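Participant: One structure, as structure tokens, below. Some questions next.
The values are calculated or read from the model by the stated rules, or taken from the named source; none is laboratory data. As the structure is a prediction and not an experimental result, all values here were calculated from the model. Positions of Cβ are generated from backbone atoms using ideal geometry, with glycine treated the same way; all protein chains shown enter the neighbour counts. Protein only, heavy atoms only, side chains kept; ligands, DNA and RNA dropped before computing areas. Shrake-Rupley method; radii C 1.70, N 1.55, O 1.52, S 1.80 Å.
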Amino acid sequence: RYLLDGMDVGALSDNRLASIRNEKIGFVFQSFNLLGKLTALENVKLPLCYAGVRLREADARARKQLSLVGLEGREHHLPNQLSGGQQQRVAIGRALMNAPAVMLADEPTGSLDSKNGQEIIHLLKESHNKYHQTLIIVTHDENIALQADRIICIADGKVVRDERQVARS
């Protein structure tokens with residue numbers, strides 16, 4: 001049995017599950033998964049379109065989100081016109097559009113240099129603190145893992161370590 005926000009999602013239709021994913025879970029993919037023919041603004045507002053938000057409101061919210069992730073002025077750039085760090089910021093902006101309760105980030109810094117990687121982690125932690133989200137980061141980078149409140153190590157499909165970190169300021 002699988003409960004999400006108190007709701008048993010095991011028997012829900014594919015459409016209802018897609019709707020719940022759009023509303024409650026933000027995904028930040030290692031490879032960004034931006035749509036190449038859509039601008040940064042269009043990529044960020046995509047979850048709002050699926051949620052049925054009116055175009056004018058979706059536009060305004062997406063512009064604000066791009067500003068929050070440091071991409072004001074890049075709204076009309078296509079993904080191939082953005083650096084890796086900027087593409088990851090677009091992906092994070094998109095993942096945050098519906099203020100999800102859970103944020104899943106798969107190797108969010110894997111293709112970035114250390115400076116951009118640290119900025120992305122800072123952005124994710126800010127979101128976590130501001131919106132009280134559950135933030136799950138999958139990483140092989142020990143420096144990233146050591147910034148977490150809790151580390152769960154998995155090897156060969158089994159949990160081999162689960163520990164809380166000492167609080168940091």
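Participant: Rounded to the nearest 0.05, what FRET efficiency is calculated for Ser83 and Asn143 with R0 set to 22 Å and r the Cβ-Cβ distance?
Facilitator: That pair, Ser83 with Asn143, gives E of 0.55.
Participant: Next question, about the same structure. Who wins for biggest fluctuation among Ala101, Ala51, Ala155 in a Gaussian network model of the chain, springs between alpha carbons below 10 Å?
Facilitator: Ala155
Participant: How much accessible area does Val44 have with a 1.4 Å probe, in Å² rounded to the nearest 10?
Facilitator: Answer for Val44: close to 0 Å² accessible.
Participant: Related question: Quick check for the chain: number of Lys pairs with alpha-carbon distance under 22 Å, counting only pairs 8 or more apart or on different chains?
Facilitator: 12
Participant: Provide the convex hull volume over Cα atoms per residue for the stretch 1-99, in Å³.
Facilitator: Here the figure is 106 Å³ per residue.
Participant: Sort the stretch 55-121 into rounded, prolate or oblate with this rule: let a ≥ b ≥ c be the square roots of the eigenvalues of the Cα gyration tensor; rounded if a/c is under 1.5, and if a/c is not under 1.5, prolate when a/b is larger than b/c, oblate otherwise.
Facilitator: Note, shape of the stretch 55-121 comes out oblate.
Participant: From the residues His140, Ser127, Gln165, which one has its Cα farthest along the dipole of the stretch 120-166 in the positive direction, the dipole being from +1 and -1 charges on Cβ of Lys/Arg and Asp/Glu about the Cα centre?
Facilitator: So the residue we want is Ser127.
Participant: Modelling each spin label as a point 7 Å along the Cα-to-Cβ direction, I'd like the Thr134/Asp5 distance in nm, to one decimal.
Facilitator: Here the answer is 1.2 nm between the modelled labels.
Participant: Further question on the same structure: If you roll a 1.4 Å probe over the heavy atoms of the protein chains, what accessible area per residue do you get for the chain, in Å²?
Facilitator: Value for the chain: 62 Å² per residue.
Participant: Can you give the charge dipole size of the chain about its Cα centre, rounded to the nearest 20 debye, using +1 on the beta carbon of Lys and Arg and -1 on the beta carbon of Asp and Glu?
Facilitator: It works out to roughly 460 debye.
Participant: Regarding the chain, what whole-number volume in Å³ per residue does the convex hull of its Cα atoms give?
Facilitator: Taking the convex hull of the Cα positions in the chain, it is 145 Å³ per residue.
Participant: Taking the Cα centre of the stretch 103-169 as origin, work out the dipole magnitude from +1 charges on Lys and Arg Cβ and -1 charges on Asp and Glu Cβ, in debye rounded to 20.
Facilitator: Once rounded to the nearest 20, the dipole reads 280 debye.
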